[in-house]
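Student: Shown below is the structure under consideration.
Where a number appears in this text, it was derived from the coordinates with a stated rule and is not lab data. Just so it is clear, the structure is predicted and the values come from calculations on it, not from any experiment. Note that each Cβ is placed from the backbone with ideal geometry, even for glycine, and that neighbours are counted across all protein chains shown.
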Amino acid sequence: MGPLRYKASVKGLRVTGVAIVVVLVVIALAFAGLYTFAKPQHFVALGTPIQQDDFIYVVTGVGRSPTIGNGAATVRASGLYYIVTIRVDNDAKRVAFKWDERIPHIMDAQGDRFDKSPDGQAALDAETKPKFAVPPGQSASFEAVFDVPAHIDKPVLALDNGIMMGDIFNLVEYRRVGVILY
């Protein structure tokens, strides 16, 4: 192979390498955009499974209360507490699911987001003593507490647990599902 032919093949490899990197960056940015801007676009009833990779979320109940706790440990909502029960089925073969209270949030018809209520959640956790891990092949239920306006318009529960391998194949579908709470 002559020097000119060698330089041309090295240059061709560089161009190919740069093209591959550009394509991978574009794909990564597309998924990041899908994840970042995904909001509930279709709505399901209580009891409908929502799959994220090997984890299945099922909202099994919703309660409303102006207070949580007993006696001196009672906390009062500035609006109304929504206490949402979420069952997580871990279909993974080896990986435990770690519950994070930041996964669920409530959105209203205007797109306002309501994250968990630290005071309400602490009062409920003091009573229930939750465990936050779900071993492979098992299920567990968690209660999430939200302090929302008393007259919230069409609240839905949405989930946000990052991007996992299965989300790549279904384009972060779980983030576009809202569970009707009204």
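Student: Using the per-residue mean of other Cβ atoms lying within 10 Å as a proxy for protection, in what order, highest first, do the peptides 63-69, 52-58, 41-47 fall?
Tutor: Descending mean neighbour count gives 52-58, 63-69, 41-47.
Student: Here's something else I'd like to know. Would you kindly derive the ³J(HN,Hα) couplings of the range 137-154 from the backbone phi angles with the Karplus curve 6.51 cos²θ - 1.76 cosθ + 1.60 (θ = phi - 60°), listing them in order in whole Hz, with x for Gly and Pro?
Tutor: These are the phi-based 3J(HN,Hα) values: x, 10, 10, 8, 10, 10, 10, 10, 10, 10, 9, 10, x, 4, 10, 4, 9, 6 Hz.
Student: Label the range 41-182 by shape, choosing from rounded, prolate and oblate, from the square roots a ≥ b ≥ c of the eigenvalues of the Cα gyration tensor; if a/c is under 1.5 it is rounded, and otherwise prolate applies when a/b is larger than b/c, oblate when it is not.
Tutor: Numbers: a/c = 2.37, a/b = 1.34, b/c = 1.77.
Oblate.
Student: A further question on this structure: Under the rule of at least 5 residues apart or a separate chain, name every residue whose amide H is placed under 5 Å from the amide H of residue 62.
Tutor: Under 5 Å from the amide H of residue 62: 85.
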